[in-house]
Amino acid sequence: MRYYQLPSRERSSATDSLVVVDEKGDAYDLTSASDDLESFTHLARAANASDRSIDAIARDRLSDAERRDIEDVDGDELLPVVPDEVWAAGVTYSISEKARKAESGKPEVYIDVYDSERPELFLKATPSRTVGPHDSIGVRGDSEWNVPEPELGVVLHRGSVVGYTVGNDVSSRDIEGENPLYLPQAKVYDRCCSIGPCVATEEAVGDPHDLTMSLTIERGDEVVYEGSTSTSEMATTCETLVEYLRRHNNLPETLVLLTGTALVPPDTFTLHEGDRVSIDIDHIGRLVNDTVAV
């Protein structure tokens, strides 16, 4: 099933609602069934406490939940989960390795990572730097080469995988390319990350390594970039990335791990303020953001 955070329709007791869309495409307001189910994290806590799956807990409450029009879901989505941290992986696709080599004066650094057993993992964003659907991603004012990076996001609760989302690891390629030690400045800044539109459970997604992912960038009425790939092109599995992230690392309650990108606009492209970025991943949905300078 897929879980969305939506504005509350009628109740004054909560500012927004956790809405589930089941396998038939019907939408239910889980928060109307229980105020204790006001967010995906609260649902994950209930599942963890009862040693049951998230979908099993949700199904038990459908008969008590108010129906929502499925049209409410498209366009009203809020940040589907507020992660305590967002982490990201780099050089997990061969095209990502090529892009890193093209941008950097030290390409051997990226070649070594691509050929190594240990993946590149880094802290990407805090909650204050993470935006949701229909909000604005940021591009740094001191960078001349800013790009979106569409990625499959793995959602973890208390260290266990509980679902997947769409992520945008917005990056300043010229800053990182100048020196790999500048990676934190190229990756971590205001509005540097977006996730959404929902959290889709493993039951809904199926094999996370067999999903079509596409990127469309619009500038005004013109499509300035369009491309697609498959997560089957990943050189490192989600399981391996999660296993390395857990090593000697006390993870927070809720976390999103972005798994790398294979969709890289040409070297001549940079994001402009006002651009509209759309990322689609099979069985999860479409994440849409406009762009603002920060």
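Quick note: the coordinates plus some simple rules give every number you see, no bench work behind them. None of the values given here were measured: they were computed from a predicted structure. Reconstructed Cβ throughout: ideal geometry from the backbone, glycine too, with neighbour counts over all protein chains shown.
For the reader, a short list of remarks on this structure follows.
- Between Leu258, Leu241, Leu152, the GNM of the chain built on Cα springs shorter than 10 angstrom shows Leu241 fluctuating the most.
- Loop-located GluC sites (Glu not before Pro) across region 104-205 with a Cβ neighbour count of 15 or fewer within 10 Å are Glu117, Glu144, with loop assigned by DSSP.
- Scattering profile of region 128-287 at q = 0.10, 0.12, 0.16 Å⁻¹ [log10 I(q)/I(0), Debye over alpha-carbon scatterers]: -0.36, -0.52, -0.94
- Summed residue charge, Cβ within 9 Å of Gly260's Cβ, Lys/Arg positive, Asp/Glu negative: -4
- When the chain is treated as a GNM with alpha-carbon contacts under 10 Å, the residue of Asn146, Asn168, Asn250 showing the greatest mean-square fluctuation is Asn250.
- Net charge contributed by nearby residues that have their C-beta within less than 10 Å of Ser278 (K/R +1, D/E -1): -1
- Only Lys, Arg (+1) and Asp, Glu (-1) charged, at Cβ; region 85-293 dipole about Cα centre in debye: 540
- Cα-centre dipole for region 221-271 with unit charges at Cβ (Lys and Arg positive, Asp and Glu negative), debye to 20: 400
- Most mobile of Gly196, Gly227, Gly167 in a GNM of the chain (Cα contacts under 10 Å): Gly227
- Here the mean projected area of the convex hull built on the C-alpha positions of region 169-223 is 6.3 nm².
- Interchain or long-range residues, amide H under 5 Å from Gly153's placed H: Thr165, Val166, Gly167
- On the principal axes of its alpha-carbon atoms, the chain has extents of 59, 45, 30 Å, going from largest to smallest.
- Within region 110-269, antiparallel bridges make up roughly 95 percent of the DSSP beta bridges whose residues both belong there.
- Per-residue extension of 0.36 nm, minus the Cα-Cα distance of Asn250 and Thr126, leaves a gain of 43.1 nm for this segment.
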